[in-house]
1. Out of the residues in the range B:60-81 that are in contact with a Gly (Cβ under 9 Å, 6 or more places away or on another chain) and either of a type in the set (S, T, Y) or part of a loop (DSSP other than H, G, I, E, B) (or both), which is farthest from the other protein chains (Cβ to nearest Cβ)?
2. Please identify the pairs in which a residue from the range B:18-45 that is at the interface with chain A (Cβ under 10 Å from one of its Cβ atoms) and closer than 14 Å to A:M1 by Cα has its Cβ atom under 7 Å from the Cβ atom of a residue that is at pLDDT 95 or above and part of a loop (DSSP other than H, G, I, E, B), counting only partners at least 6 apart or on another chain.
3. Give me the residue from the range B:13-34 that is of a type in the set (A, V, I, L, M, F, W, C) and surrounded by fewer than 22 Cβ atoms within 10 Å (Cβ to Cβ) and, out of that set, farthest from B:D204 (Cα to Cα).
4. I'm trying to understand the selection: among the residues of the range A:1-20, which are free of Cβ contacts under 8 Å to residues at least 24 places away in the same chain and over 17 Å from B:S30 (Cβ atoms)?
5. Which members of the range A:21-43 meet the condition of being crowded, with 17+ Cβ neighbours inside 10 Å, out of contact with any Lys or Arg (no Cβ under 6 Å at 6 or more places or on another chain), free of Cβ contacts under 8 Å to residues at least 24 places away in the same chain and not in a helix (DSSP H, G or I)?
6. Restricting attention to the range B:170-226, report how many residues are within 14 Å of chain A (Cβ to nearest Cβ) and on the phi > 0 side of the Ramachandran plot.
Amino acid sequence: MDLDLFLERIGIPQGVSLGANRTTLDQLMVAHTNAVTFENLNQ
Amino acid sequence: MGRRVTLSLEDIFKKVVEDHRGGWCFELNSLFAWALEQLGFEVQMLAGQVGRQEGAPVFLANHMLLRVDLDEPLLVDVGFGCGLARSIPLLPGTQMQPPYDVSVSELSDGYLRYSEHVRGEPATYDFTLEPVTTSYFDDACERLQTDPESPFLRTLTAQRRESHQHLVLRGLVWRVIGQERTEEQVFASQEQLLTCLNEAYGLDMPEIADIWPDLLRRHEELFGSG
């Protein structure tokens, strides 16, 4: 599993500086909730 | 449609990243936890129960959430319908995250409650700070996909954030929830539903048409045929 592919999936451009800090955490959460759907469409 | 989802990270990665699908809490929070750990975060999985009444029996397994410890413990959750947009302290308090007020409170029976509210009844889940592992959710993942009473079997849903709006599809009802108002549309045709899934959620799933009769039947059960 490739972290860069995950980041690309949620819309984080390559080259963005990411660290284990609050700014990065919230940046990833905002990106994720905009890019990835909560869904149960398998059912 | 009878396809099963698993708690295997490889399966989840393929579904979400390679196939551009979404998922439910077990999938989205598992994958998000993996990504955070790759970046050096300290992450714990926690277990919750959605929609519990205070004092009611506890079944802490139908929701997965995350704890991240930085300068303070934080609640992180990308699997509760996308309502929470940023981390919040794991301490009693409320934040505005438009369109929602999101909060953590301590209940009289000792559990913590996450709540998000804009109008009407808030959406909530209760949880403790006892860390768990992925396998803790094995039974719940199976049951929620097979129990005829499971909300995940009874009602199709797709939810995503778009800036300060929450786009919520439940069955045939599509709501765009904003801070000032909620716009609502009831889909009358398969084409409307498929277009919504494609344009609002980026999901190209023509096979959803196969369950259109079930969706109609469920809608009529809930709202009548008028």
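The values are calculated or read from the model by the stated rules, or taken from the named source; none is laboratory data. Since we're looking at a predicted model, the values are computed, not measured. Every residue, glycine among them, receives a Cβ derived from its backbone with ideal geometry; neighbour counts consider all protein chains shown.
1. For the range B:60-81, the residue satisfying everything is B:L60.
2. B:F32/B:V78; B:L39/A:L18; B:L39/A:A20
3. Within the range B:13-34, the first condition is being of a type in the set (A, V, I, L, M, F, W, C), and the residues that meet it are B:13, B:16-17, B:24-26, B:28, B:31-34.
Then keep just the ones that are surrounded by fewer than 22 Cβ atoms within 10 Å (Cβ to Cβ); that gives B:13, B:17, B:34.
Details: B:F13: 18, B:V17: 15, B:W34: 26 Å.
Selected residue: B:W34.
4. Within the range A:1-20, A:D4, A:E8, A:I12, A:P13, A:Q14, A:G15, A:V16, A:S17, A:L18, A:G19, A:A20 qualify.
5. Those that are crowded, with 17+ Cβ neighbours inside 10 Å, out of contact with any Lys or Arg (no Cβ under 6 Å at 6 or more places or on another chain), free of Cβ contacts under 8 Å to residues at least 24 places away in the same chain and not in a helix (DSSP H, G or I): A:F38, A:E39, A:N40, A:L41, A:Q43.
6. 2
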